[in-house]
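Asks: Just dropping this structure here.
The values are calculated or read from the model by the stated rules, or taken from the named source; none is laboratory data. Note that the structure is predicted; figures quoted are calculated from it, not measured. Glycine gets a Cβ as well: all are built from the backbone with ideal geometry, and neighbour counts include every protein chain shown.
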Amino acid sequence: MSKKILEIIGLTREFGIGNSTMKAVDNVSLSLEKGQILGVVGESGSGKSTLARIVMALDKPTAGNVLFENEDIFALSASKLRRLRSNFQMIFQDPYGSLDPRHKISRIIAEPLHLEANAPRGKALRDRIGKLLEEVGLAAEDMDKYPHEFSGGQRQRVAIARALITKPKLIVADEATSALDLTVQAQILKLILEMRDTHGISVLFITHNIGVVDEICDSVAVMQSGKLVETGPVRQVLDNPRESYTKRLLSAEPTLDKIGRKKHQVSESPP
Amino acid sequence: MKRLPWSLIVGGTITAILIFAAIVSQFWTPVDPTAINIGNRLKGPGEGGILGSDHFGRDELSMIMAGAWVSLGIAFSAIAVGGLIGTVLGVVAASERGPFEALIMRVNDVLFAFPPVLSAILLAAILGGGPVTTIVAIALFMIPVFARVTRSAALQIWARDYILAARMSGKSSARITLEHVIPNIAAQIIVQIAIQTGLGILTEAGLSFLGLGIAPPTPSWGRMLADAQTYLTIAPHLVFVPGIAICTAVLGLNLLGDGLRDLTDPRRRQST
């Protein structure tokens, strides 16, 4: 019933190391439906971040396709890809490295508007930034501050505001909560859920923390050394893992304070 | 409130005095620095003028002040030319990577292999002596220095996530360099300018000492030192006055550079 916003088909990315090649992503196929949150989980070095960079068209795959709303993003011309870019944005892991320390918050948030030919300017722009800041739980006056005046969690909110300004359809969150402490993690996860509910944004949520997947994702893909191990709806995969790797990841799960959703879901759909 | 590093205070003071003396020399010196007064020759400090006089009876203090203008002028001009070219090459190398970067850096290695004195002799043979030759020789030496510093600093910035965010915003490499890279490496460039100006003064003095710099009678610290050799036993102050001027100027600019680095580098600030 709902249509696919993102489809990854047979994606492979090789890196040359000396004379040999290493497959960071090996023949991965995934799809994400509109308004859904897909968790990609795996340990460090499993190719999750490479996958994220390719989906964001920041890197080119060795083989395979990425279809965004049925359009192959690597078959598009540079100008067409540019036009498509306002539809997908990214949230990074390190909220300290993802905001330019020399730019004011307003300038940071407005940066993706560079993609839009008739982007708002002046008063209209400031209004839009102010509204966004309030939406992500900051104050409109914060736009004239610099990143160093904010904590890690607040910076991640700024990064989310930046990702939202072009009203994207897809957001890739690459370990977006991993650098934050647990209470702030819960707040940011809540914000991502709200974002999905109010704007209908689809999220590709990349994490090493399977507990976080349990909290917010609708479906999950487990990766190990570049390969897709297991994929499916979150309850199916996490409650009845078929693969031993998934079981091991689950048993190594660190605990996260519940944000209320997990319990609710468990009671609704018993295994 | 942040405490300023002591090196910044000392270095800044010395540099300010140097620049002040250089500027004042253009309007006023105790005596005309080129005026010859044979009756007053080889006087010690205090006897004829505050810092004495040389073998032509020229006033040392006036010559030091005028020499400061020449030294700073040449050092700054060389930095402006060499620093600008080097910085542009460095940031372009960092943004383009690949064979272009390799080419730039290897050409820089070749440039770096020529000491400024050697290139000055070469240039003097082609262009003739004079301030332009001196400036070009020092600038040639500065290009690789700035190219290396800016490249490595810019590479660190290119690895940051906010560069990825800018790329996702469809910005070109040139635009990212202007908007994100240069503002974030500006502090390092300014530190280099201070330190390299000191080196430029030293090089200019060296070239003038060898007779490759500014033509007489324009006063120059290096030539004052060269002239003083002859009178070392009878008028040692002629060695000390320009010698101390050169040392102090170089030391001051180096301290200023160190101080600026301490001020702008948060890691260093925490450790001190």
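Asks: Mind counting the residues in the stretch B:131-167 that are farther than 18 Å from residue A:101 by Cα and either within 14 Å of chain A (Cβ to nearest Cβ) or in contact with a strand residue (DSSP E or B) (Cβ under 6 Å, 6 or more places away or on another chain) (or both)?
Replies: Number of matching residues: 0.
Asks: Quick one: in the stretch A:154-175, of everything that is over 14 Å from residue A:195 (Cα atoms) and not in a helix (DSSP H, G or I), which residue is nearest to the other protein chains (Cβ to nearest Cβ)?
Replies: So, considering only residues that are over 14 Å from residue A:195 (Cα atoms) and not in a helix (DSSP H, G or I), the one nearest to the other protein chains (Cβ to nearest Cβ) is A:174.
Asks: While we're looking at this one, here's another question. Applying the selection to the stretch A:196-240, what residues are within 14 Å of the chain's Cα centre (by Cα) and assigned to a helix (DSSP H, G or I)?
Replies: A:196, A:212, A:213, A:216
Asks: Just need a number here: residues in the stretch A:84-99 that are in contact with an Asp or Glu (Cβ under 8 Å, 6 or more places away or on another chain) and either of a type outside the set (A, V, I, L, M) or at the interface with another protein chain (Cβ under 7 Å from one of its Cβ atoms) (or both).
Replies: 8
Asks: I've got another one for you. Can you name the residue in the stretch B:251-270 that is among the hydrophobic types (A, V, I, L, M, F, W, C) and modelled with pLDDT under 90 and is also nearest to residue B:196 (Cα to Cα) among such residues?
Replies: B:260
Asks: Could you list all residues from the stretch A:108-136 that are in contact with a Leu (Cβ under 6 Å, 6 or more places away or on another chain) and without any contact (Cβ under 8 Å) to a residue 12 or more places away in the chain?
Replies: A:119
Asks: Follow-up question, since we're still on this one. With the requirement that a residue be in contact (Cβ under 8 Å) with a residue 60 or more places away in the chain and surrounded by 16 or more Cβ atoms within 10 Å (Cβ to Cβ), what does the stretch B:11-33 give you?
Replies: Listed by number, the residues that qualify are B:11, B:12, B:14, B:15, B:18, B:33.
Asks: When the residues of the stretch A:130-153 are filtered to those that are part of a helix (DSSP H, G or I) and charged (D, E, K, R), which remaining residue is nearest to residue A:197 (Cα to Cα)?
Replies: Among them, the one singled out is A:135.
Asks: Specify the residue that is farthest from the other protein chains (Cβ to nearest Cβ); the eligible residues are those in the stretch A:137-149 that are surrounded by fewer than 21 Cβ atoms within 10 Å (Cβ to Cβ) and touching a residue at least 24 places away in the same chain (Cβ under 8 Å).
Replies: This residue is A:137.
Asks: Residues of the stretch A:40-96 being among the aliphatic types (A, V, I, L, M), within 17 Å of residue A:11 (Cα to Cα), touching a residue at least 60 places away in the same chain (Cβ under 8 Å) and surrounded by 18 or more Cβ atoms within 10 Å (Cβ to Cβ), which ones?
Replies: A:40, A:41, A:51, A:52, A:55, A:56, A:66
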